[in-house]
Amino acid sequence: MFSQANIDHLFLRVLSEIDLFRHLDRSQAGALLSTATKSVFHTGEVVYHEGEEGESMYVVVQGAFEVYRVSNGEHAELAQVLPGEHFGEISLIANQPRSATVRALQPSVALRFTKTALLARPDVAAQVLKNMARMLARRLSSADDEIILHRNRAREAEAARERMELEMARSRSRVRRMG
């Protein structure tokens, strides 16, 4: 738990730099921060694994974290989470197991908030959840853009393959006529 002196020092930084806590007043931010625990991670240390139950989320204070999945035996990075950003919120909102594994990319510090703490004050919970919804909507929109980009590239590659096959068929036809 954080002392009142630490809360006073952190609250301005939290309110000004972390989108998750936008529009919280000093009292609300103080109440929320007083429930946080400081978590320190070493390089390569796993915060949680995909499939585990999730009862907390993290806000990065220092360092960097990698969010990834293993798909078909391959390591697939989904995101890097930097100071001021957060991770672990999806399992809190969706009440489902962790959707990815998170590990520290360097020595890192994060504030850990439990679901109970986040929901303890309805006024704080409403604003934090509204902010989360806004941020998740931006992520979804970005993911949609990426899907469209990959679909377009796949279509272009398929069209190029078809043109190449057609050209090869024409070349074979010319060779047969000449031979």
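Any read-out appearing in this document is the output of simple, stated calculations on the displayed coordinates, not a laboratory observation. What you see is a predicted model; the values in this text were computed from it and never measured. We place every Cβ from the backbone using ideal geometry, glycine too, and count neighbours over all the protein chains shown.
On C-alpha positions alone, give me the angle between the axis of helix 122-178 and the longest principal axis of the chain, in degrees, nearest 10.
Value to nearest ten degrees: 10.
Quick one: length gained pulling R163 to S34 fully straight, 0.36 nm per residue minus the C-alpha distance?
Residue separation times 0.36 nm, minus the Cα-Cα distance, leaves 40.1 nm.
Can you give the net charge of the other residues whose Cβ lies under 15 Å from the Cβ of D123, counting K and R as +1 and D and E as -1?
Charge balance near D123 sits at +3.
Modelling each spin label as a point 7 Å along the Cα-to-Cβ direction, I'd like the A126/E50 distance in nm, to one decimal.
The two pseudo-label positions are separated by 3.8 nm.
So, in nm, how far is label R170 from label R139 when the simple model puts each one 7 Å beyond its Cα toward the Cβ?
4.8 nm
Please build a GNM for the chain, connecting alpha carbons under 10 Å apart, and tell me which residue among A160, A94, A133 fluctuates the most.
In the Gaussian network model the winner is A160.
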